[in-house]
Amino acid sequence: MFKLENLVRPNIRNLQPYSSARSEYQGTADVFLDANENPFGRLNRYPDPQQMAVKNKLARRNGLPRNSIFIGNGSDEIVDLAFRIFCEPGQDKALCFSPTYGMYAVSAAIQGVELMNLPLRSDFQIDTIKLKPYLEDKQLKIIFICSPNNPTGNTIHQADIAQILTQFSGIVLLDEAYIDFSAQDSWLNVLSQYPNLIISQTLSKAWGLAGARIGIAYAHETIIRIFNRVKPPYNVSTPNQLAALKVLEDEASCIRQIEIILKEKIKLQTALNDLAIVKRVYPSDTNFLLVEFTDATVCYQALRAKGVITRNRHRLVANCLRITIGTPAENEKLLSGLLEQQKELLKLNK
């Protein structure tokens, strides 16, 4: 049985949040003498601490209450706050399914929380049989699920996620950073059915706003209320909020860019499969491909020497590079570099 009050750390339940000048005042005024700001300048005023304009835009877009939305300084802040709110350092545990996004482990280490790893099956899906003993651990407070997953690129089976949500009495943080590239619907459509679900999204990927650090959490308003109490008062700057509003107001451009990226992904996948140095291109529901090479490190170094940077994921998935889908010209440069490397290897093997 899910009971939020049993999950929140006592010190967080009793926390008296900082009350900023801008959060205390609501309405319109001509003169602001409440926050010790410099009266001169273009960015001299503190930003909206609750990012109301951005939340209103997201609420209308997704058909959700504004009170079910939290805006973070990137999704990493959302992960960090989840540990702070629900996990007692040195006592509670969290769980993720490896290989996956590395910041779960970093945030857990910073907060002094044990992060257990359950390896995904060979098809990069959750082994629900091996998961059962973990769900019985009374100290397990958060389960992280990245879907579509990074670096594997696949979407986790919906039935498995639903099973975890219904069987687990703790928090499930579903990371949907790449959902805009997937044919699979977001879990936002069923958010109201799961009081223990937090959905994390971002404007860094499909929306092209990685430099602005806009992370979004959707959850029941009781969870969002706690996030707002714990976060720093001015966690998202005014320029970043304005940048978020600008891209959200031009969704048509985002859709066009996604279409280009997905078409390029198909072309790149086909071209990579034709290379002798490529052993496998994994299916992807994201804007990247996980590619197994005969020797990933050699190919990574060869591409780097030509000014093309990929991500060497050999330690997570043997002999694999994670390759982001770039512009048509960038993708051509990538393929050209790999073709040259293939020719070099063929010469050496003669």
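Need the failing condition index for Asn235 against (1) closer than 24 Å to Glu37 by Cα; (2) surrounded by fewer than 17 Cβ atoms within 10 Å (Cβ to Cβ); (3) polar (S, T, N, Q), just the number.
(2)
Looking at the stretch 181-221, which of the residues that are part of a helix (DSSP H, G or I) and in contact with a helix residue (DSSP H, G or I) (Cβ under 6 Å, 6 or more places away or on another chain) is nearest to Val8 (Cα to Cα)?
Glu221
Give the residue, chosen from Ala296, Ala243, Ala302, Ala271, that is among the hydrophobic types (A, V, I, L, M, F, W, C) and surrounded by fewer than 18 Cβ atoms within 10 Å (Cβ to Cβ).
Every option except Ala271 fails the conditions.
From the list Asn240, Asn228, Asn235, which residue is within 30 Å of Leu43 (Cβ to Cβ) and part of a loop (DSSP other than H, G, I, E, B)?
Just one listed residue meets the conditions, Asn235.
Taking only the stretch 243-259 into account, find how many residues are assigned to a helix (DSSP H, G or I) and free of Cβ contacts under 8 Å to residues at least 40 places away in the same chain.
Residues that pass the stated criteria total 7.
Quick test of your reading of the structure: Tyr25 fulfils all but one of (1) over 24 Å from Ile214 (Cα atoms); (2) at pLDDT 95 or above; (3) not acidic (Asp, Glu). Name the failing condition by number.
It is condition (2) that Tyr25 fails.
Pull out all pairs, ordered by first then second residue, where Cβ-Cβ is under 7 Å, the residues are six or more apart or on different chains, the first lies in the stretch 16-40 and is surrounded by 10 or more Cβ atoms within 10 Å (Cβ to Cβ), and the second is part of a helix (DSSP H, G or I) and modelled with pLDDT of 90 or more.
Taking only residues 6 or more apart or on different chains, the pairs are Pro17/Arg229.
Just to be sure, is Asp34 in a loop (DSSP other than H, G, I, E, B), over 23 Å from Gly211 (Cα atoms) and in contact with a helix residue (DSSP H, G or I) (Cβ under 9 Å, 6 or more places away or on another chain)?
yes
Among Pro39, Pro49, which is the only one that is in a loop (DSSP other than H, G, I, E, B), in contact with a Pro (Cβ under 8 Å, 6 or more places away or on another chain) and assigned by TED's automatic domain parsing to the domain that holds Ala212?
One residue alone meets the criteria, Pro49.
Filter the stretch 140-161 down to residues that are small (Gly, Ala, Ser) and touching a strand residue (DSSP E or B) at 6+ places or on another chain (Cβ under 9 Å) and give me whichever is surrounded by the most Cβ atoms within 10 Å (Cβ to Cβ).
Within the stretch 140-161, the match that is surrounded by the most Cβ atoms within 10 Å (Cβ to Cβ) is Ser147.
Hey, among the residues in the stretch 115-139 that are without any contact (Cβ under 8 Å) to a residue 24 or more places away in the chain and part of a strand (DSSP E or B), which one's surrounded by the most Cβ atoms within 10 Å (Cβ to Cβ)?
Leu115
Considering Ile261, Ile277, which residue is among the β-branched types (Val, Ile, Thr) and within 22 Å of the chain's Cα centre (by Cα)?
After applying the criteria, what remains is Ile261.
May I ask you to verify whether Pro17 is in the same structural domain as Leu203 (by TED's automatic domain parsing) and modelled with pLDDT of 95 or more?
Spelling it out, it is not the case that Pro17 is in the same structural domain as Leu203 (by TED's automatic domain parsing) and modelled with pLDDT of 95 or more.
The values are calculated or read from the model by the stated rules, or taken from the named source; none is laboratory data. Since the structure is predicted, the reported quantities are computational estimates derived from the model, not experimental observations. Reconstructed Cβ throughout: ideal geometry from the backbone, glycine too, with neighbour counts over all protein chains shown.
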